[in-house]
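Have a look at the structure below before the remarks.
The values are calculated or read from the model by the stated rules, or taken from the named source; none is laboratory data. Note that this is a predicted model, so its numbers are computed, not measured. Note: ideal-geometry Cβ built from the backbone for every residue, glycine included; neighbour counts use all protein chains shown. Note: areas computed on protein heavy atoms with side chains; ligands, DNA, RNA excluded. Shrake-Rupley method; radii C 1.70, N 1.55, O 1.52, S 1.80 Å.
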Amino acid sequence: MVSTDSPASSTAPRRGHPRWALALAVLGGLLTFAAIFSIWINRQALNTDNWVNTSNKLLANEDVRHRLSEYLTEQLFAKVDLSEDLQAALPPRLAPLAGPAAGALEGAAPRVAERILASAPFEAIWETSNRTAHEALLRILNGETGPIAAQGDKVVLELRPAVKRLGERFGIGVTGERIPAGAGNITILEGGELKTAQDIAKAVRRLPIVLTLLALACFAGAIFLAGPRRREALRAVGFAFAAAGLLVLALRGFAGSLVVDELSRVSSAEPAIEAVWDIATSLLVTVAASAIAFGVLLIVAAWAAGATRPAVALRRFAQPYARRGPATFYGAALLVFLVLIAWAPIAAFRKPLGVLIFALLFAVGTELWRRQVLAEPEPAPHRAGSSRGSPGSGDAAPSPPS
């Protein structure tokens, strides 16, 4: 009986679709690139705890504190004529000294303000102001009404307490109209920007999940369509993750230079703006580095299953332990897993759900690699003199290498 299957039809499924697999891997990398940015924006802009944590890091930065102290000083003396206060307080004979004394005090004000910013009481004020402002921002973005919206849809970071404290330090009366309610405030969102901000917030909330699922679907399709070249497809997926993370870091550096150059109208403000950019995008660096680390782990996994001499030697080394039983093999794998969790090169390793997902992936990969190790033949025992052939043994002399 002759089989109806032609050689072409019997081998076609085994060849897979490498071109489609490569295309899906590249598409998955592009989606990962976009997902990294969406995750960063979601966590940075729409998570109050992350917002406050970033704000606290900004206040702890010396360059930012220096620039902020100058701003607070400008806000104080824009509303207060210190020379008039001193002239009224000094005796008539010393009244001419009011002007120089006021200039000296204004020159010392930024240093005093910087000490105020570094104090524990102001750190508490700063954290409370940032948390209140961000919670108000989220209420407006969610379309909720309240006192903030009734005041013109403004979200304001309230720094008037710092201006007031600075005035008190110099003995300036800071009540009434001299320090108005809006002194020192930094507007985060105005009414004209509300609709745009709401639309962006709605999109950003959905994008991380959608883009991540699409990227994973592309990678799964690439591995499936690769056929017998699934190891190469897994390695391509690893390179896609790593390339996406590296591209994000490169774009962050390029965009940072543009932002600093655009906002630094005076050279003295450049260090503070650089610090703000570095701190504000630190979470982006974390997400990108996690993508790179995950890609490297996939590349290592693909290499361990490959045909290179080091990979083959590694599997031969592991073969006796695999033949002793799953307990020994999985015990060694568990040790590697615990080292990775303690090292935490991926941000998800710091969260229970991330650890659980990675544990499942690691267990599946370990079992597949154990089966590969057991399926390979054991290396022939080395016998002294076997390569030369013993006299009278009938073994043919080895042929020279081709």
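Say R0 is 30 Å: what FRET efficiency, to the nearest 0.05, do ALA124 and ALA250 get from their beta-carbon distance?
Details: r = 39 Å, r/R0 = 1.29.
So, using R0 = 30 Å, E works out to roughly 0.20.
Would you please give the FRET efficiency between LEU374 and ARG111, computed as 1/(1 + (r/R0)^6) with r the Cβ-Cβ distance and R0 = 51 Å, to the nearest 0.05?
On the way: r = 72 Å, r/R0 = 1.40.
Calculated value: 0.10.
³J(HN,Hα) across segment 108-113 via Karplus (A = 6.51, B = -1.76, C = 1.60, θ = phi - 60°), whole Hz, x for Gly/Pro?
These are the phi-based 3J(HN,Hα) values: 7, 4, x, 5, 5, 4 Hz.
Please work out how much length the chain gains when fully extended from ALA342 to LEU360, using 0.36 nm per residue of separation minus the C-alpha to C-alpha distance, in nm with one decimal. Working shown, then result.
On the way: separation 18, 0.36 × 18 = 6.48 nm, distance 1.71 nm.
Contour length minus Cα-Cα distance gives 4.8 nm.
Please compute the length gained on full extension between ILE209 and ARG15, using 0.36 nm multiplied by the number of residues separating them and subtracting their Cα-Cα distance.
Full extension from ILE209 to ARG15 adds 66.5 nm.
Keeping all protein chains in place and using 1.4 angstrom, which order do LEU298, LEU251, LEU30 fall into by accessible surface area, from largest down?
Numbers: LEU298 30, LEU251 75, LEU30 105 Å².
Largest accessible area first, the list is LEU30, LEU251, LEU298.
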